[in-house]
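Asker: First, the structure itself, so that you have it in front of you.
The values are calculated or read from the model by the stated rules, or taken from the named source; none is laboratory data. The structure presented is a predicted model; accordingly, all values stated were derived computationally and were not measured. Glycine also receives a Cβ, built like all others from the backbone with ideal geometry; neighbour counts cover every protein chain displayed. Note: accessible area is taken over every heavy atom of the protein model, side chains too, but ligands, DNA and RNA are not part of it. Shrake-Rupley method; radii C 1.70, N 1.55, O 1.52, S 1.80 Å.
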Amino acid sequence: MATQGAHRKTVTVLFCDLAGSTALGETLDPERLRTLLARYFERMQAIVEHHGGSVEKFIGDAVMAVFGVPTVHEDDALRACRAALEMRDALPGLGLEGRIGVMTGEVVTGTEERLATGDAVNVAARLEQAAAPGEVLIGEPTLRLIRQLVEVEAVEPLALKGKSVPVAAFQLVRVQAAPERSHAGQFVGRDRELDLLRQAWERTRDESRCELVTVIGEAGVGKSRLAAELLGSIDATVCRGRCLPYGEGITYWPVVEVIKQLGVLPPDDTVTAAIRSLLRESDTPTSAEEIAWAFRKTLEHAAREGPLVAFFDDVQWGEDTFRDLVEHVALLSTGGPILLLCLARPELGERHPTWPVTLRLEPLGTDDVDRLIPTGIDVGLRARIARAAGGNPLFVQEMILMAAETDGEVVVPPTLHALLAARLDQLEADERNILERGAIEGEIFHRGAVQALAPEEPQITPRLASLVRKQLIQPDRPQLAGEDGFRFRHILIRDAAYDGLPKATRADLHARLAGWLEEHGSTLVEVAELVGYHLEQAVIYRAELGLPEDPALAAAARQHLATGGYRAARRQDYDAAVRLFERAANMSPSDVDLALETELGDVLLWTGRAAEACRRADELAERAGAAGDRIVESCARIRAGVIRLNIEPEAGSEKLARLVEEVLPAFEDAGDDMALFIAHSALGEVADMHGRSDGALEAFERAFAHARRAGHEPSTTSTVHAYLRFVGTTPVPELIEWLDANEPKGGSDQFFRAYRAWSLAKLG
């Protein structure tokens, strides 16, 4: 199991406290009280552990239990609720009464403390305190995970200490038995697999033999749906048994279910004695070998009346003794047509590689997934659901329901998050470490990146191969030359692996990956954007953790994002440029980058967001004025004037010109080339506004010279030059020659093409 290192986990916390314990202490002899409390603690701990939880600590006469530590299970919330009701019902037998609170939430584990305190822990304790004697209160996050399996009664939202708003709570009444899996959805994309199962059934029936058929596939991929389609189309007696994931005395649980459904035993007294012992109807001792023999004889007896299917689900959770029993029946049965149909997750093959597998159920193809999504869902949402689901029908269904609750936003439903987290928690620590390092790069990742993020791991390739075998990742075409590429089987697995990492670890790994990409990603078209993204994530996570700002890290993130913004602006992808420039500016809000702010204002104008550009310039002027930075304040006021000039061409041009003339001497005295670029650009705008194109060209040439000295290359340089030459007095042949010599690389600038076409038309 993956236990090394700190991880973020979603767990369910249970608090149980005695009601009236103070009065109890007053009326009982101290020794008797001590004995009673010892029995209470022992009984509560036994119940918690029976349901797969662990007692975190005893606090006075309260019990704090956690479900999901050290190992996450997909049904931790359900386990906790079952435990809570059993604890509640056990207390009267001890002569006690108690209150219980249950809450699900995220905590950090694997630190020096066994379990970090967090909101889930605090709320569970507050729910327990708010509960009436004999009552179990659960929080809304817990209810979301088990809504179909419990009966609850809503209570008034609770004003809990430390919470700014009332907390929704529900009284837990009872936990229902697990419902049969629904098969109401379409059956698509499994015709070949269904034919294979039918062929096995026909052999069983026609040759009057016993055949073992095992279907393996990840949770939700459609194993039960496939089995239902087969069983609904054949004429046979079907008995079902399901292996349980936990609990005492569960080895023969599925066998007992099948025997009870058959309802008939052979006339052989020896068989009957073994079966009655198994059913606890007698105290006659019996062995595993005798039980297997008796079960086989029972199936053979039933099969004489007609073909029989013994259907076992979730075999990956079965005990070795149970699996030995199934193989015993498959190998030795000769008494009639018996199909042993077993469904299991990939863990069965990992734990028992010799188990015979008939069929491995793969995710559905793109067309089949599209058929599962209702026609009324728009194209964009369909594509997002299909991509996230990765061909898993259950994931498709759950995300459709979740999208309906979140106004079309595709988010991971908590039930799927719990399912995937439990799957990852079963990995060996080294394998999970590799998977998490891959998740840092993204849905597609490279072996070299993983090695860079896990330099201490000598077995990268074998562990990646193991993860491929476990159907968590698959080989994919690399995006970098000389690398091996991999892709997560679906994006939800990547997200689950990533979400399990503490934010401090994420920050460190993103920063390290950025360094690796700078060194190895030179062939990538958008390497600046990728490096900037990973540096940005490191900055964001450090800020969320309240760590001191790392100026070098923030500056590097801003530089790479801004580089991506300049590239986007030069190819006239202004929406992308706005996003990149805004993200760059957010990396270090207190450190003003005038070049960046100028570019952002320009692309906001190009995208029709002049009001936003103006607001941003005004806010910058206000901040700089408050900080006493007159140069930046003046530059921001000039930029605001330029933007307003674009909104209302006739208003404010003279005012803007006067402002520039007022501050130019201060800019020149400071030798601030960036400020001088902004000032002369503004004079060029004013000149152009008044039809003085040649004067505007002269002002912009002076501005661009200052920009070059400042180390800045405005994305609009070529476009402005071309425009002013076109509308000015530059002779047409000279203009065409200039356009040919200065068109941006690739010849894709729409303005250059237009100016050339118009110029050629003038010549013609």
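Asker: Give me the percent relative contact order of the chain, please, defined on Cα pairs under 8 angstrom at least 6 residues apart.
Answerer: The normalised contact order for the chain reaches 8 percent.
Asker: Over the alpha-carbon set of the stretch 430-533, work out the extent along each principal axis and list the three values in angstrom, largest first.
Answerer: 34, 31, 27
Asker: Next question. Residue by residue through the stretch 680-696, which ³J(HN,Hα) values in whole Hz follow from phi under the Karplus form 6.51 cos²θ - 1.76 cosθ + 1.60 (θ = phi - 60°), with glycine and proline marked x?
Answerer: Result, rounded to whole Hz: 5, 4, 5, 5, x, 5, 5, 4, 5, 4, 9, x, 8, 5, 5, x, 5.
Asker: Also: Given the DSSP H assignment, sum -39500 (n - 2.57) over each helix run of at least 4 residues in the chain and divide by its residue total; what's the result at 222 nm in deg cm²/dmol, nearest 500?
Answerer: Per the formula, -18000 deg cm²/dmol.
Asker: Give the Kirkwood hydrodynamic radius (Å, one decimal) of the stretch 247-334, defined as one over the mean of 1/r across all pairs of different Cα atoms.
Answerer: Hydrodynamic radius (Kirkwood, Cα pairs) of the stretch 247-334 is 13.3 Å.
Asker: List, in order, the whole-Hz ³J(HN,Hα) value for each residue of the stretch 734-742 obtained from phi through the Karplus relation with A = 6.51, B = -1.76, C = 1.60 and θ = phi - 60°; use x for Gly and Pro.
Answerer: Computed from phi, the couplings for the stretch 734-742 are 5, 5, 4, 4, 5, 4, 5, 7, 10 Hz.
Asker: Can you compute log10 of I(q)/I(0) for the chain with the Debye formula, treating each Cα as one identical point scatterer, at q = 0.06, 0.11 Å⁻¹?
Answerer: For the chain at q = 0.06, 0.11 Å⁻¹, log10 I(q)/I(0) is -0.56, -1.26.
Asker: Identify, among 287, 458, 258, the residue whose Cα sits farthest towards the positive end of the charge dipole of the chain, taking +1 on the Cβ of Lys and Arg and -1 on the Cβ of Asp and Glu, with the dipole about the Cα centre.
Answerer: 258
Asker: Please work out the average accessible area per residue across the chain, using the 1.4 Å probe convention, and give it in Å².
Answerer: 46
Asker: Roughly what % of DSSP beta bridges within the chain run antiparallel, to the nearest 5?
Answerer: Around 65 percent antiparallel, to the nearest 5.
Asker: Give me the Debye-computed log₁₀ of I(q)/I(0) at q = 0.20, 0.22, 0.24, 0.35 Å⁻¹ for the stretch 141-180, equal point scatterers on Cα only, no solvent, two decimals.
Answerer: Cα-only, vacuum Debye calculation for the stretch 141-180: -0.66, -0.74, -0.82, -1.17.
Asker: Between the DSSP loop rule and a limit of at most 12 other Cβ atoms within 10 Å, which GluC sites (Glu not before Pro) in the stretch 201-280 are left?
Answerer: 207, 248
Asker: From the backbone phi of the stretch 187-194, what are the Karplus-calculated ³J(HN,Hα) couplings (6.51 cos²θ - 1.76 cosθ + 1.60, θ = phi - 60°) in whole Hz, Gly and Pro given as x?
Answerer: Each residue's phi maps through the Karplus curve to give 9, 10, x, 10, 4, 4, 5, 5 Hz.
Asker: Still on this model: Once amide H atoms are built 1.01 Å from N in the peptide plane, which residues 5 or more positions from residue 169, or in another chain, come under 5 Å H to H?
Answerer: Sorted by chain and number, the residues that satisfy this are 155, 158.
Asker: Considering only DSSP states other than H, G, I, E and B, which GluC sites (Glu not before Pro) in the stretch 54-96 qualify as loop sites with at most 12 other Cβ atoms within 10 Å?
Answerer: Hits after loop and neighbour filter: nothing returned.
Asker: May I pose another question? With N set to the residue count of the stretch 195-294, report its C-alpha Rg divided by 2.2 N^0.38 Å to two decimal places.
Answerer: Against the empirical 2.2 N^0.38 Å value, I get 1.28 for the stretch 195-294.
Asker: What does the charge count around residue 665 come to, taking other residues whose C-beta lies under 13 Å from its C-beta (Lys +1, Arg +1, Asp -1, Glu -1)?
Answerer: Charge balance near residue 665 sits at -4.
Asker: Once you charge only the Cβ atoms, +1 for Lys and Arg and -1 for Asp and Glu, what is the size of the charge dipole of the chain about its Cα centre, to the nearest 20 debye?
Answerer: I would put it at about 940 debye.
Asker: Using a 1.4 Å probe over the heavy atoms of the protein chains, calculate the carbon and sulfur portion of the accessible area of the chain as a whole percent.
Answerer: Carbon with sulfur: 49 percent of the solvent-accessible area.
Asker: For a quick check: with amide H placed at 1.01 Å from N, whose amide H comes under 5 Å from residue 427's, ignoring anything fewer than 5 positions away on the same chain?
Answerer: Long-range HN contacts for residue 427: 2.
Asker: Along Cα→Cβ, 7 Å out, is where each label goes; now give me the distance between the ones at residue 319 and residue 154 in nm to one decimal.
Answerer: Result for the modelled spin labels: 4.4 nm.
Asker: Still on this structure, I have one more. If you project the alpha carbons of the stretch 341-407 onto the principal axes, what extent comes out on each, in Å, largest first?
Answerer: 46, 23, 20
Asker: If you take every residue apart from residue 337 with its C-beta less than 12 Å away from the C-beta of residue 337, what net charge results, scoring Lys and Arg +1 and Asp and Glu -1?
Answerer: Combined, the nearby Lys, Arg, Asp and Glu give -3.
Asker: Something else now. Which number comes out as Rg/Rh for the stretch 382-456 once both Rg and the Kirkwood Rh are worked out on C-alpha atoms?
Answerer: In the stretch 382-456, Rg relative to Rh is 1.07.
Asker: Moving on to the next point. Which loop trypsin sites (Lys or Arg not before Pro) in the stretch 197-293, with loop taken from DSSP, have no more than 10 other Cβ atoms within 10 angstrom of their Cβ?
Answerer: Answer in residue order: 280.
Asker: Another question about this same structure. Using the crude model of +1 on Lys and Arg Cβ and -1 on Asp and Glu Cβ, and no other charge, please compute the dipole size for the stretch 531-615 relative to its Cα centre, in debye to 20.
Answerer: About 260 debye.
Asker: Consider just the alpha-carbon atoms of the stretch 47-95 and return their Rg together with their Dmax, both in angstrom.
Answerer: 11.2, 34
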